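What follows is a single structure, written as structure tokens, with notes after it.
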Amino acid sequence: VGVVTAAASPAQTTQELAQGELAKLQAYRSSDEYLREPWRPRVHFTPERNWMNDPNGLVFYRGEYHLFYQHNPLGIDWGHMSWGHAVSRDLMHWEPLPIALWEEGDEMIFSGSCVVDHRNTSGFGTAENPPLVAVYTSHRPGNQSQSLAYSTDAGRTWTKHAGNPVIDLDIAEFRDPKVFWHAPTEKWVMVVALSAAKRVQLYGSPDLNEWRLLSEFGPAGVEGKSNWECPDLFELPIVDSRGEATDETRWVLEADFGGGGVGGGSGNEYFVGRFDGNQFTCDDPQRRSQQVDYGRDFYAPVTWSDLPAEDGRRVWIGWMTNLQTNGTPTSPWRSAMTIPRSLTLRETGSGLRLAQAPVRELESLREDAVDGTNAAVRGKQLDIVLEVTPDAGRPLVLHVLEGPDETTRLVYDPVDETLSVDRRDAGFDEFHDAFAGVYPAPIALDEGRLRLRVVVDRSSVEVFAQDGVAVLTTLVFPGPESDGVRLDAPGAEVHRFTAWPLRSALTER
Ligand code: FRU
């Protein structure tokens, strides 16, 4: 009997190839095994299976926060880039949705953004049902160009625009468009990276289809950096040094680079300035940048579009990794997002600084508070507040995820005036030589006080110091018994030391 076996057809699409993966995903989800994985974050977003990198297409639409992300539907390493998708009503509990944009033929779907086209300028929807429009980079061998896709059913299904690409400069390194509506000049504005040239370009459009170059911005001090990508440009309110609102605003231009970061490997920087609808002008005539995060594991943050105006807030989320050490030892998923963070610009002794704070919704996951000054604190998911006057001559150490043989140390050194995260003894680090290390941030005390907010979630520690003016985001892979918290602060005066265990946002969904 002749049996004809079909060879895998070369015409099989990534979507077809992913059917097997989807079956595994269903089985995995219903086993709820992922709820018990030791390193799976409980309050940070992770894909249930497979690889994730940058957050993409962040948009708020009809009560839902959309989070798309760079995703390999076929495996745990980078490849076959497509847009994964999840939605949330509170930025904490995420509902996974099917893949929104698939790799197709020789086109991978690289990073980009989403907007609500309220006036239906694109013509992809109607005035009554404004479309969601995704603007993303089409990556092909030797070419990166900007393309569109749209949805008229609240992001559940997507159609790639027949007229793609909408901007093609015929170059290889041109990516990561972030688009927003600029009301004063009544047009769409795109900021996009000429990645190898370490510059950004700004484009303007009446309808998301026709784009014209408005200006370019190139910073000082990029010589040591390998490239520029994932830019964002947004306006922020200024708060004074006490955190009180002022009626002033400024614009922030943020960009990421693959090598040359403060802690080694990848990093990010921001510039404070003004934007007139056509051009970004840095307040500092030297165009010097500031550090976004002093930890090693913060990359490609982007802000949400179209957040409710009555809320008046700007929120971003980043990919919690360093490009140098992103082969992290988790399975069958890889990579987590940060906690979504609210942003302001804060007046400090050294000028305006970006201030980041976990969004208020995190507090909804808090269980009863433990007063660390008279009770032992333990936990692998914690929200900790510490306010202390350090001894003038001796360092203080806050240990988290401490076990019999390991600990993650947050060290304030009053002589150097630095706050460091030390993960040299934090747990499993053999997967990469550059993973273990100490990462310092310069910290000026405020009337002698150090104020810390620390979010611990299984395999990450995010430290917000001095009201979020300095942030350190760090991954760690501790052993199963490491859940201790201990303040070792000889000679210090502790004003407040409170910890809230955090409920899992996974089990609640
Ligand atoms: C940053 C990045 C982007 C690109 C995407 C591809 O991590 O390299 O510049 O669009 O990842 O996955």
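The values are calculated or read from the model by the stated rules, or taken from the named source; none is laboratory data. Here the structure is a predicted model, which means the values were calculated and not measured. Note: ideal-geometry Cβ built from the backbone for every residue, glycine included; neighbour counts use all protein chains shown. To get the accessible areas, we keep the full protein, side chains included, count just its heavy atoms, and leave off ligands, DNA and RNA. Shrake-Rupley method; radii C 1.70, N 1.55, O 1.52, S 1.80 Å.
Quick notes on this structure:
A quick yes/no check of all residues on (1) in contact with a strand residue (DSSP E or B) (Cβ under 9 Å, 6 or more places away or on another chain); (2) small (Gly, Ala, Ser):
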| position | (1), (2) |
| --- | --- |
| LEU401 | yes, no |
| PRO404 | no, no |
| GLY427 | yes, yes |
| SER482 | yes, yes |
| ARG496 | yes, no |
| PRO501 | yes, no |
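- Yes/no for ALA193 being within 15 Å of the ligand (Cβ to nearest atom), of a type in the set (A, V, I, L, M, F, W, C) and not in a loop (DSSP other than H, G, I, E, B): yes
- Wholly enclosed strands (runs of 3 or more DSSP E) of the stretch 405-509 bearing at least 1 residues open to solvent by 10 Å² or more (accessible area, probe 1.4 Å), among the charged types (D, E, K, R) and closer than 17 Å to VAL292 by Cα: 450-457
- Here TRP102 fulfils each of the conditions (1) more than 16 Å from the ligand (Cβ to nearest atom); (2) open to solvent by 20 Å² or more (accessible area, probe 1.4 Å); (3) within 19 Å of LEU25 (Cβ to Cβ) apart from (1).
- Unmet requirement for THR330, which otherwise passes all of (1) closer than 29 Å to ARG40 by Cβ; (2) surrounded by fewer than 18 Cβ atoms within 10 Å (Cβ to Cβ); (3) modelled with pLDDT of 95 or more: (2)
- Within the stretch 60-77, the set of residues being in a loop (DSSP other than H, G, I, E, B), away from the ligand (no atom under 12 Å from the Cβ) and not small (Gly, Ala, Ser) comprises ARG62, PRO73, LEU74, ILE76.
- Qualifying residue in the stretch 78-93 (condition: among the small types (Gly, Ala, Ser), outside any strand (DSSP E or B), within 16 Å of the ligand (Cβ to nearest atom) and closer than 30 Å to PRO41 by Cβ): yes
- Selection from the stretch 296-325 of residues that are open to solvent by 10 Å² or more (accessible area, probe 1.4 Å) and in contact (Cβ under 8 Å) with a residue 60 or more places away in the chain: VAL302, SER305, ASP306, LEU307, PRO308, GLY312, ARG314, LEU323, GLN324
A quick yes/no check of all residues on (1) at positive phi; (2) at pLDDT 95 or above; (3) open to solvent by less than 10 Å² (accessible area, probe 1.4 Å); (4) within 27 Å of the chain's Cα centre (by Cα):
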site: VAL115; (1), (2), (3), (4): no, yes, yes, yes
site: ARG119; (1), (2), (3), (4): no, yes, no, no
site: THR126; (1), (2), (3), (4): no, yes, no, no
site: GLN146; (1), (2), (3), (4): no, yes, yes, yes
site: ARG156; (1), (2), (3), (4): no, yes, no, yes
site: LYS160; (1), (2), (3), (4): no, yes, no, yes
site: GLY163; (1), (2), (3), (4): no, yes, no, no
site: ARG175; (1), (2), (3), (4): no, yes, no, yes
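- Here SER111 clears all of (1) within 16 Å of the ligand (Cβ to nearest atom); (2) in contact with a strand residue (DSSP E or B) (Cβ under 6 Å, 6 or more places away or on another chain); (3) open to solvent by 40 Å² or more (accessible area, probe 1.4 Å) except the condition numbered (3).
- Residue check, VAL239 open to solvent by less than 30 Å² (accessible area, probe 1.4 Å), within 16 Å of HIS182 (Cα to Cα) and β-branched (Val, Ile, Thr): no
- On the stretch given as the stretch 128-141, residues that are within 16 Å of the ligand (Cβ to nearest atom) and either open to solvent by 60 Å² or more (accessible area, probe 1.4 Å) or under 16 Å from PHE60 (Cα atoms) (or both) total 4.
- Residues of the stretch 373-392 that turn out to be more than 20 Å from SER482 (Cβ to Cβ) and open to solvent by 50 Å² or more (accessible area, probe 1.4 Å), as a count: 3
- Restricting the stretch 333-378 to residues that are touching a strand residue (DSSP E or B) at 6+ places or on another chain (Cβ under 7 Å) and among the polar types (S, T, N, Q), the residue that is modelled with the lowest pLDDT: THR373
- Taking every residue in the stretch 80-99 that is more than 17 Å from SER151 (Cα to Cα) and pairing it with any residue that is assigned to a strand (DSSP E or B) and more than 16 Å from the ligand (Cβ to nearest atom), at least 6 positions away or on another chain, the pairs with Cβ-Cβ distances below 6 Å are SER88/TYR65; LEU91/TYR65; TRP94/ALA86; TRP94/SER88; GLU95/VAL87; PRO96/ALA86.
- Subset of the stretch 343-361 (residues that are in a strand (DSSP E or B), hydroxyl-bearing (Ser, Thr, Tyr) and either surrounded by fewer than 20 Cβ atoms within 10 Å (Cβ to Cβ) or free of Cβ contacts under 8 Å to residues at least 24 places away in the same chain (or both)): THR348
- Filtering the stretch 177-186 to residues that are free of Cβ contacts under 8 Å to residues at least 60 places away in the same chain and either open to solvent by less than 50 Å² (accessible area, probe 1.4 Å) or not in a loop (DSSP other than H, G, I, E, B) (or both) leaves only ALA183.
- If the condition is being of a type in the set (D, E, K, R) and either closer than 27 Å to LEU323 by Cβ or not in a strand (DSSP E or B) (or both), then the stretch 196-223 contributes LYS198, ARG199, ASP207, GLU210, GLU216, GLU223.
- Qualifying residue in the stretch 113-132 (condition: out of contact with any Ser or Thr (no Cβ under 9 Å at 6 or more places or on another chain) and assigned to a strand (DSSP E or B)): no
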